Amino acid sequence: SQVTITVRAIPAGDRTLTVNGVGDLAAHYTNNATFGFHFVDVSIPAGYYNAAAGLSGAPLLAALHNIIKAHTSLSYSFTATAFHNTDKRPDGNVWDVYSDVPGGTPPYEFAFGPLGSGGSEGIAYNREHSFPQSWFGGSVLPMYSDLWIIYPTDSKGNSERGNYPYGKVGTATWTSLNGSRLGNCVSPGYGGTSFEPIDGYKGDLSRSQFYVATRYFNED
């Protein structure tokens, strides 16, 4: 049901792969089977991290900040369009970290379309700032439209999370259909309300927080 293909030296941009002659055990063969995708070259340019070599702690953070601080800023309105490339599931639907079940069957999925809101799960998806926008003063650019911290999520899950920090929840006051939880925080150093995503996405969301602390060093 799946075929893995490795192709070298693809130019960056919108690309279409066409496959012919790949057959299954019943001798059914592909004929002009096509798959469109957007390729981003993520190879590290030569010397890119030289200024950070040998550093640690605050000097390393400052050096990394200076390396990445001049990123290309997008408009906030464009982020919903960018989701079609940045947060698309293999089946073509929206990749929502608050409803997806890695390796399992999600309780619902969203097709790409207009953003919306709803009083229960599965009605509409909208934009979630994993690093809450109120923490950096609201609609302040470029962080307000920074795709590293904006995720398409179920609007109900987004609403329940609000601007609470991520943390380990003790007793949940609300639990999403995929197991994300809202409740009292039992992580060391904070005793208020927190939001706990499922284990499968804690790494992704933690990396977003580390990115903010670096890209917006002394600005967050």
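The values are calculated or read from the model by the stated rules, or taken from the named source; none is laboratory data. Since we're looking at a predicted model, the values are computed, not measured. In this analysis, Cβ positions are derived from the backbone assuming ideal geometry, glycine residues included, and neighbour counts consider all displayed protein chains. Heavy atoms of the whole protein, side chains included, go into the accessibility calculation; ligands, DNA and RNA do not. Shrake-Rupley method; radii C 1.70, N 1.55, O 1.52, S 1.80 Å.
Numbers for the structure displayed
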| quantity | calculated |
| --- | --- |
| Among the residues listed as GLY36, GLY47, the single one being of a type outside the set (Ser, Thr, Tyr), open to solvent by less than 60 Å² (accessible area, probe 1.4 Å) and assigned to a loop (DSSP other than H, G, I, E, B) | GLY47 |
| Lone unmet requirement of (1) modelled with pLDDT of 95 or more; (2) assigned to a loop (DSSP other than H, G, I, E, B); (3) exposed (fewer than 13 other Cβ atoms within 10 Å of the Cβ); (4) of a type outside the set (Ser, Thr, Tyr) for LEU115 | (3) |
| Residue pairs meeting the criteria (Cβ under 6 Å; at least 6 apart or on separate chains; first at pLDDT 95 or above and hydrophobic (A, V, I, L, M, F, W, C), in region 56-83; second open to solvent by 50 Å² or more (accessible area, probe 1.4 Å) and part of a helix (DSSP H, G or I)) | ALA63/ALA51 |
| Counted residues, region 121-130 - those being in a loop (DSSP other than H, G, I, E, B), in contact with a helix residue (DSSP H, G or I) (Cβ under 6 Å, 6 or more places away or on another chain) and open to solvent by 10 Å² or more (accessible area, probe 1.4 Å) | 2 |
| Qualifying positions in region 4-22 - open to solvent by less than 70 Å² (accessible area, probe 1.4 Å), within 29 Å of ALA82 (Cβ to Cβ) and assigned to a loop (DSSP other than H, G, I, E, B) | ILE10, ALA12 |
| Meets criteria (at pLDDT below 95, within 30 Å of THR175 (Cβ to Cβ) and surrounded by fewer than 11 Cβ atoms within 10 Å (Cβ to Cβ)) for THR105 | yes |
| Residues of region 164-195 that turn out to be part of a strand (DSSP E or B) and open to solvent by 30 Å² or more (accessible area, probe 1.4 Å), as a count | 10 |
| Tally, over region 131-156, of residues that are without any contact (Cβ under 8 Å) to a residue 60 or more places away in the chain and either surrounded by 22 or more Cβ atoms within 10 Å (Cβ to Cβ) or not in a helix (DSSP H, G or I) (or both) | 8 |
| Criterion: surrounded by 13 or more Cβ atoms within 10 Å (Cβ to Cβ) and part of a loop (DSSP other than H, G, I, E, B) - qualifying residue of LEU55, LEU25 | LEU55 |
| Residue check, TYR48 in contact (Cβ under 8 Å) with a residue 24 or more places away in the chain and either among the hydroxyl-bearing types (Ser, Thr, Tyr) or out of contact with any Phe, Trp or Tyr (no Cβ under 7 Å at 6 or more places or on another chain) (or both) | no |
| Boolean, ASN85 is assigned to a helix (DSSP H, G or I), surrounded by 13 or more Cβ atoms within 10 Å (Cβ to Cβ) and polar (S, T, N, Q) | yes |
